[in-house]
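The values are calculated or read from the model by the stated rules, or taken from the named source; none is laboratory data. Everything quoted here is computed from the prediction, not taken from an experiment. A quick note on method: Cβ atoms are made from the backbone with ideal geometry, for glycine too, and the neighbour counts reach across all protein chains shown. Ligands, DNA and RNA are stripped out before the accessible areas are found, and what is left, the full protein with its side chains, is counted by its heavy atoms. Shrake-Rupley method; radii C 1.70, N 1.55, O 1.52, S 1.80 Å.
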Amino acid sequence: MNGNPSTLKARSADSVTVEALARGHHSSLLRYFKKRGVREEDAEDAVQEVFVRLSRRQGLSDIERIEGYLFETAANVAIDVQRHNRVRHFQSHVVYDDSQHGRPECSCEAVFEGQEAIEQLLSALRELPDRTRMIFILARLEHMKQSEIAQRLGISVSAVEKQLTKGLAYLALRTSMP
């Protein structure tokens, strides 16, 4: 970094200029961004980006029409924000709303009961004969058609139906399923 007294003095003047602009134009920049279609949640960040860019500019205090330069910088930031949002497809994003997307309150007891039910089902699945278990998994978890299962295992569709019925009956009995 250059320790030259004139450079340090210029940077200090630039810093004072940025601070003065921030105090005097923060709310007008927010309105400016909102009028140009910048989402409300992005407007504050856009204002901050304007001042970041200005603080990086050397010789800012020497600019005669500083407000014009401020809003020219803001216009560039607005373009960048809109370009960023277009690339990220923000217009198709849905804001999270607990009433629409949230799940109902789930008590610890309900979670525990759900875990127990899964363990009970897995245990019952392990007790099934290999072929019956395989048919159940292919039909219910892999969503294969009975004809596809029959072809894959080299058995008839009727045998698949019988094994699936047998497996479902056993699992319903073991897991207290209706």
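I'm trying to understand the selection: among the residues of the stretch 103-121, which are assigned to a helix (DSSP H, G or I) and either in contact with a strand residue (DSSP E or B) (Cβ under 7 Å, 6 or more places away or on another chain) or loosely packed, with under 10 Cβ neighbours inside 10 Å (or both)?
Within the stretch 103-121, the subset assigned to a helix (DSSP H, G or I) is 108-121.
Once the filter is applied, which keeps residues that are assigned to a helix (DSSP H, G or I) and either in contact with a strand residue (DSSP E or B) (Cβ under 7 Å, 6 or more places away or on another chain) or loosely packed, with under 10 Cβ neighbours inside 10 Å (or both), the stretch 103-121 yields Cys108, Glu109.
What tally of residues in the stretch 140-151 results from selecting those that are farther than 19 Å from Leu125 by Cβ and open to solvent by 70 Å² or more (accessible area, probe 1.4 Å)?
The qualifying residues number 3.
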